[in-house]
Amino acid sequence: MAPRRIFVLNGHPGETSLSRLFSEDYAQAAMQAGHELRITHLHDLDFDPDFGGGGYRAAKPLEPDLEAVMANMDWAEHLVLLSPMWWGGLPAKLKGLFDRALLPGSAFDTRAKTWLGSPRPLLARRTARLIMTSDTPHWFFRLAHKAALVRQLRMQIFGFVGISPLHVTHFSAVSNSSPETRAKWSRRVASLGARGA
C-alpha cells in the first residue's frame, strides 16, 4: 500500500491508558512503514467540551487545540480513533470534542444537500479505524447492545461528515486481561499501523 497521511486521535481522557499505549504502538509502526503521521492525545487538549446553546449561530469560537484537531482531520487521508467504551458510549470529553469541532462550514455544509436531504459532508474521501476497548464481550456488544457506539460513529458522526468506511477493532475484557494478552493486542495494533489500516 502507498504511504498514507494518518491522523491518530487517542480519545481516552486519562493521561495513561491502554488507548494511549495502542495509539503509540500504531503510530510507531506506521511511521516505520513510511506513512506520514500526526498524533493527538485527548488528555493534552485544552477546550470546553460543552457546546452550550441549542444552535450553531452562537457557537463558541474554537480553542486553538480544537482548531489543530480540525487541521489534522483536513490533512489526513485516514483517521484512527482510539477510545474506551464507557456506559455504552464515548467518553464525555471525546463526545464534547465532536460536538464542538464538527461544525457547519468545516465538517458539513447546510446550504447544500445530499440526495437524502442531509447536509453535504465536507470530510469525504477519508477512511477511518476505531480501536475500541471495553469490558463488554464482543458478542454481547453486538447482540444485546446492537453495537450502538459503532453505529453512532459510523452513521451519525463520521458518516455524517463523509468519513467512510469505518473499520472496527474491538478488544474486550480489558480490566482482567493478562500481560500476554495485552502484548498480543499491541502486536495486532502495530500490524494495523504498518499497513496504514
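The values are calculated or read from the model by the stated rules, or taken from the named source; none is laboratory data. Fair warning: this is a prediction, and the values are worked out from it, not measured in the lab. Note: ideal-geometry Cβ built from the backbone for every residue, glycine included; neighbour counts use all protein chains shown. Just so you know, the surface numbers come from the protein's heavy atoms only, side chains and all, with ligands and any DNA or RNA stripped out. Shrake-Rupley method; radii C 1.70, N 1.55, O 1.52, S 1.80 Å.
Note the angle between two axes, namely the Cα long axis of helix 18-32 and the longest principal axis of the Cα atoms of the chain, as a number of degrees from 0 to 90, rounded to the nearest 10.
90 degrees
Magnitude of the Cβ-charge dipole of the range 43-142, K/R +1 and D/E -1, about the Cα centre, nearest 20 debye? Could you put the intermediate results ahead of the total?
Working: 12 positive and 12 negative charges, 127 e Å.
Rounded to the nearest 20 debye, it is 600 debye.
Place a label point 7 angstrom from the Cα of Arg125 along the Cα-to-Cβ direction, then list the residues of the range 1-28 whose backbone nitrogen is under 14 Å away.
The answer is 5, whose backbone nitrogens lie closer than 14 Å to the label point.
Which value in deg cm²/dmol, rounded to the nearest 500, describes the helix-derived mean residue ellipticity at 222 nm for the chain, given -39,500 (n - 2.57) per DSSP H run of n ≥ 4 and division by the residue count?
Details: 7 runs with 68 residues, N = 197.
Per the formula, -10000 deg cm²/dmol.
Under the definition of Cα pairs under 8 Å and six or more residues apart, what whole-number percent is the relative contact order of the chain? Could you put the intermediate results ahead of the total?
On the way: 346 pairs, mean separation 53.8, N = 197.
Once divided by the residue count of the chain, the mean separation gives 27 percent.
First compute the accessible area of the chain with a 1.4 Å probe, then give the percent of it belonging to carbon and sulfur atoms. If you can, show how the numbers build up before the last one.
Details: 5470 of 10200 Å².
Roughly 54 percent of what the probe reaches on the chain is carbon or sulfur.
If I model a spin label at His138 and Ala59 as a point 7 Å from the Cα along the Cα→Cβ vector, what separation in nanometres do I get?
Once both label points are built, they end up 3.5 nm from each other.
When the solvent-accessible surface of protein heavy atoms is calculated with a 1.4 angstrom probe, in what order do Arg5, Arg195, Arg100, Arg20 fall, highest first?
Working: Arg5 80, Arg195 125, Arg100 5, Arg20 50 Å².
I get Arg195, Arg5, Arg20, Arg100, largest accessible area first.
Please calculate the 1.4 Å probe accessible area of Leu62, with all protein chains present, and give it to the nearest 10 Å².
50 Å²
Under a crude label model (7 Å from the Cα following the beta-carbon direction), how far is Glu15 from Asn176 in nanometres?
The answer from the label model is 3.0 nm.
Please give the contour-minus-distance gain from Asp48 to Gln32: 0.36 nm per residue of separation, less the Cα-Cα distance, rounded to one decimal in nm. Present the calculation step by step, with values, prior to reporting the outcome.
Numbers: separation 16, 0.36 × 16 = 5.76 nm, distance 3.49 nm.
Extending this stretch completely gives an extra 2.3 nm.
Which net charge results when you count Lys and Arg as +1 and Asp and Glu as -1 among the other residues whose beta-carbon is under 14 Å from that of His43? Display every interim value, and only then the final one.
On the way: positive: Arg20, Lys93; negative: Glu15, Glu24, Asp44, Asp46, Asp65.
Within the 14 Å Cβ shell, the charges total -3.
How large is the accessible surface of Lys113 in square angstrom, using a 1.4 angstrom probe and rounding to the nearest 10?
Lys113 has an accessible surface of roughly 120 Å² with all protein chains in place.
Test of understanding: what is the full-extension gain from Met1 to Lys184, defined as 0.36 nm times their sequence separation minus their Cα-Cα distance? Don't jump to the answer; show the numbers that get you there.
Numbers: separation 183, 0.36 × 183 = 65.88 nm, distance 2.37 nm.
Length difference between fully extended and current span is 63.5 nm.
Could you tell me the extents of the range 61-150's C-alpha atoms along the three principal axes, largest first, rounded to whole Å?
Principal extents (largest minus smallest coordinate, Cα): 41, 34, 23 Å.
Suppose every Lys and Arg Cβ carries +1 and every Asp and Glu Cβ carries -1, with no other charges. What dipole size does the chain come out with about its Cα centre, to the nearest 20 debye?
On the way: 24 positive and 17 negative charges, 188 e Å.
Roughly 900 debye for the chain.
Give me the net charge for the shell around Leu192: Cβ to Cβ below 14 angstrom, other residues only, Lys and Arg +1, Asp and Glu -1.
+4
Between Val168 and Arg195, how many nm apart are label points set 7 Å from Cα along the C-beta direction?
Roughly 1.8 nm, to one decimal.
Helix 64-75 sits at what angle to the longest principal axis of the chain, using alpha carbons and giving 0 to 90 degrees rounded to 10?
Orientation of helix 64-75: about 80 degrees from the principal axis.
Angle between the Cα long axis of helix 92-101 and the longest principal axis of the chain, 0 to 90 degrees, nearest 10?
In the chain, helix 92-101 runs at an angle near 40 degrees to the longest axis.
Which residue, chosen from Met85, Val189, Leu166, occupies the Cα position most advanced towards the positive end of the dipole of the chain, where the dipole is computed from +1 (Lys, Arg) and -1 (Asp, Glu) charges on Cβ about the Cα centre?
So the residue we want is Leu166.
If the chain between Trp86 and Ala71 were fully stretched, how many nm would it gain, using 0.36 nm times the residue separation less the Cα-Cα distance?
Values: separation 15, 0.36 × 15 = 5.40 nm, distance 2.75 nm.
Between Trp86 and Ala71, full extension yields 2.7 nm more.
Please state the charge dipole magnitude for the range 102-197, taken about the Cα centre, from unit charges on C-beta atoms (+1 on K and R, -1 on D and E), reported in debye and rounded to the nearest 20.
Values: 15 positive and 3 negative charges, 60 e Å.
Here the range 102-197 has a charge dipole of around 280 debye.
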